[in-house]
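The values are calculated or read from the model by the stated rules, or taken from the named source; none is laboratory data. Because the structure is predicted, anything quoted here is derived from the model rather than measured. Cβ placement follows ideal geometry from the backbone for every residue including glycine, while neighbour counts extend to all protein chains displayed. Accessible surface is based on the protein model in full, side chains and every heavy atom, while ligands, DNA and RNA are left aside. Shrake-Rupley method; radii C 1.70, N 1.55, O 1.52, S 1.80 Å.
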Amino acid sequence: MRLKKWESVTEWPLTILSIVFLIIYAWQIIDEPKGIWNTAAEWTMNGLWVIFALDYVISFALADGKWKFFKTHLFDLAVVVLPVVRPLRALRVLTALNTLHRTSGMALRGKIIIYVVACAVLLVLIGSLAVLDAERYAPGANIHTWPQALWWTFVTITTVGYGDFVPVTATGRIIAFVLMLAGIGLIGVITGTFGSWIVDEVSADEKKSTEITRAQIEDVSQRLERIESMLKEQSNRTI
């Protein structure tokens, strides 16, 4: 209960800080600020990292089942401990969608579509920034600008992989591996959601046809009953 209260209090502030984190990270990679601006950005990023680390430690301390919390929050731990996945902290922005739609009447399928689109956009943005940071000045690399990194990320997450741009660093290849796994997962979710929609539409049409057929049978049955009643009356009169 204490953990839930803490999460409800910190959910929006940490989401906003994640957006700030993503903006500063993107500015550092794309614009490459120098001097005092770069120092300010580094201090801000480190300060945000400390806040995220404190959030994990406090959440762990408040959790009733420590082992269960550890197993279900491995991603948060990796973001705090491993610098290579730290940019993925911006994915916390997705929790804002959960807050917005928690009390809405939107159907589950609509929520899934929103999450998939938002997740895909964030992954492409974060992946392009991360791979550009890893590859830009590496020997033998051919990804030197953000448009090139954006294109490479898009074709990688869609599992197309033209091969015109290829990461040469270990970090870049790890990013590629994560993006390919994420792309396969997103394609699976989209396919499943679309298939579910088709099944629901077919079921709705069949149900509608069945209801019409039943109505027609009931109407014919009522007419036969009336005819039978009329014949009985006519027979009684004749007798």
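This table checks each residue for (1) touching a strand residue (DSSP E or B) at 6+ places or on another chain (Cβ under 6 Å); (2) within 23 Å of residue 114 (Cβ to Cβ); (3) modelled with pLDDT under 85.
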| site | (1), (2), (3) |
| --- | --- |
| 149 | no, no, no |
| 154 | no, yes, no |
| 160 | no, no, yes |
| 191 | no, yes, yes |
| 194 | no, yes, yes |
| 205 | no, no, yes |
| 227 | no, no, yes |
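For the range 4-16, the criterion of being outside any helix (DSSP H, G or I), under 25 Å from the mean Cα position of the chain (by Cα) and at pLDDT below 85 is met by no residue. Can you confirm whether the range 27-47 contains a residue that is loosely packed, with under 13 Cβ neighbours inside 10 Å and either under 22 Å from the mean Cα position of the chain (by Cα) or within 16 Å of residue 132 (Cβ to Cβ) (or both)? Yes, because at least one residue in the range 27-47 is loosely packed, with under 13 Cβ neighbours inside 10 Å and either under 22 Å from the mean Cα position of the chain (by Cα) or within 16 Å of residue 132 (Cβ to Cβ) (or both).
Would it be correct to say that residue 155 is open to solvent by 50 Å² or more (accessible area, probe 1.4 Å), free of Cβ contacts under 8 Å to residues at least 40 places away in the same chain and not aromatic (Phe, Trp, Tyr)?
Working: open to solvent by 50 Å² or more (accessible area, probe 1.4 Å): no; free of Cβ contacts under 8 Å to residues at least 40 places away in the same chain: yes; not aromatic (Phe, Trp, Tyr): yes.
Spelling it out, it is not the case that residue 155 is open to solvent by 50 Å² or more (accessible area, probe 1.4 Å), free of Cβ contacts under 8 Å to residues at least 40 places away in the same chain and not aromatic (Phe, Trp, Tyr).
Could you look through the range 17-41, keep only residues that are in a helix (DSSP H, G or I) and out of contact with any helix residue (DSSP H, G or I) (no Cβ under 8 Å at 6 or more places or on another chain), and pick out the one that is nearest to residue 136 (Cα to Cα)?
31
If you scan the range 115-152, which residues turn out to be among the small types (Gly, Ala, Ser) and open to solvent by less than 50 Å² (accessible area, probe 1.4 Å)? Show your work before the answer.
First, the residues of the range 115-152 that are among the small types (Gly, Ala, Ser): 118, 120, 127-128, 130, 134, 138, 140-141, 149.
Those that are among the small types (Gly, Ala, Ser) and open to solvent by less than 50 Å² (accessible area, probe 1.4 Å): 118, 120, 127, 128, 130, 134, 138, 141, 149.
Open to solvent by 70 Å² or more (accessible area, probe 1.4 Å), among the small types (Gly, Ala, Ser) and part of a helix (DSSP H, G or I): does that describe residue 59?
Working: open to solvent by 70 Å² or more (accessible area, probe 1.4 Å): no; among the small types (Gly, Ala, Ser): yes; part of a helix (DSSP H, G or I): yes.
So residue 59 fails the test.
Specify the residue that is modelled with the lowest pLDDT; the eligible residues are those in the range 162-189 that are more than 18 Å from residue 145 (Cα to Cα) and of a type in the set (Val, Ile, Thr). Reasoning before the result, please.
Residues of the range 162-189 more than 18 Å from residue 145 (Cα to Cα): 170, 174, 177-189.
From what's left, of a type in the set (Val, Ile, Thr): 174, 178, 184, 187, 189.
Values: 174: 86, 178: 85, 184: 89, 187: 83, 189: 80.
Only one residue fits best here, namely 189.
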